[in-house]
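The values are calculated or read from the model by the stated rules, or taken from the named source; none is laboratory data. Being a predicted model, the structure only gives us computed values, none of them experimental. Because the Cβ atoms are built from the backbone with ideal geometry, glycine has one as well, and the counts that use them run over all protein chains shown. For accessibility, only protein heavy atoms count, side chains too; no ligands or nucleic acids. Shrake-Rupley method; radii C 1.70, N 1.55, O 1.52, S 1.80 Å.
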Amino acid sequence: MTVTSNDHRASFDARITFGNGGDLAVHGFRVDLPGPDVSEGEIAALFVASLGLLMTDGVELTNVEIFAEPHKGTRGGPSDRAATAAPAAGGALVELARPPAEGGTCLVAPGGDLPGLPLSRAAELPTVVVRLEGAGGREVGVGTLAAFDVRGRAVLLHTGAGEGGRLTPEAAAWLAAGGVSLVGTDADTLDGTTPEGDDGRVDSPALDVLLAAGVPVVERLTGLDRLPPTGALFTAAPPLLEGVGRVPVRAFARVPEA
């Protein structure tokens, strides 16, 4: 096989720590790279994705070497062409919206433009549920998400806490770069802060990163414990209101029958 400019791999040693305890060490591990100019953070994310590791709290790389070599098809890597089956139609509907008395569930639209939000970014989205409940309110970083296929999906953070599971700006950028369609959380805000002011927001770096990339965000979900990790279809379609960027929605998911 001829080596092209895009055929690069990395070799490294790594130590991983997990949010629910424990660690893992590997030596001389190799992953496919999208090119030679990648950061150690990107290599770490590819490593976690290749093994499908969940609840990753930190990854420390050493002895990193980047070299030209044909891709081997690293899972989640640049040459991974595995097709993901679409969720089946039908099944039960699961309510995911909080009642108004509990603050309701809100969608925030990129650019404050609800009419400009395509239905393909807010309705019938294949769903990935990231389980964070019991993780002690830790930040949600790239390592926590790297094992998941997020392209074209709604990624829903099941934190189990009103102000837990703060998404880091780096993780938000990783989600956007990975082609996520929508990000949701059962916390009060994506950034783990208490909403204040007329627009219901405070300093929200992760939210801002996603909105700038055209990714809508749904906050204050409920019922995520009733969804499978994958396979459900998520909907939180907002009304077509001009000049409004944040609006209450009735979010729900369709869970296909086994």
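Among the criteria (1) open to solvent by 60 Å² or more (accessible area, probe 1.4 Å); (2) touching a strand residue (DSSP E or B) at 6+ places or on another chain (Cβ under 7 Å); (3) under 20 Å from Thr159 (Cβ atoms); (4) modelled with pLDDT under 95, the one Phe252 does not fulfil is (4). Look at segment 28-39: where a residue is closer than 16 Å to Gly178 by Cα and part of a strand (DSSP E or B) and a partner is modelled with pLDDT of 90 or more and open to solvent by 50 Å² or more (accessible area, probe 1.4 Å), sitting 6+ places away or on another chain with Cβ atoms under 9 Å, you get Leu33/Ile66.
When you scan segment 45-53, do you find a residue that is free of Cβ contacts under 8 Å to residues at least 40 places away in the same chain, open to solvent by 60 Å² or more (accessible area, probe 1.4 Å) and not in a strand (DSSP E or B), even just one? Scanning segment 45-53 turns up no residue that is free of Cβ contacts under 8 Å to residues at least 40 places away in the same chain, open to solvent by 60 Å² or more (accessible area, probe 1.4 Å) and not in a strand (DSSP E or B). Of all the listed residues (Ala173, Ala177), the sole one being within 19 Å of Asp203 (Cβ to Cβ), under 11 Å from the mean Cα position of the chain (by Cα) and open to solvent by 20 Å² or more (accessible area, probe 1.4 Å) is Ala173. In segment 236-258, the residues that are of a type in the set (Lys, Arg) reach residues that are in a strand (DSSP E or B) and surrounded by 14 or more Cβ atoms within 10 Å (Cβ to Cβ) with C-beta atoms within less than 6 angstrom, at least six apart or across chains, in these pairs: Arg246/Cys106; Arg246/Val108; Arg250/Ala97; Arg254/Leu233. Please tell me if Ala109 is more than 26 Å from Thr168 (Cβ to Cβ) and aliphatic (A, V, I, L, M). When the stated conditions are applied, Ala109 does not pass them.
Check off (1) free of Cβ contacts under 8 Å to residues at least 24 places away in the same chain; (2) not in a helix (DSSP H, G or I) for Ala101 and give me the number that stays unchecked. All conditions pass for Ala101, except number (2). Filtering segment 153-170 to residues that are hydroxyl-bearing (Ser, Thr, Tyr) and surrounded by fewer than 24 Cβ atoms within 10 Å (Cβ to Cβ) leaves only Thr168.
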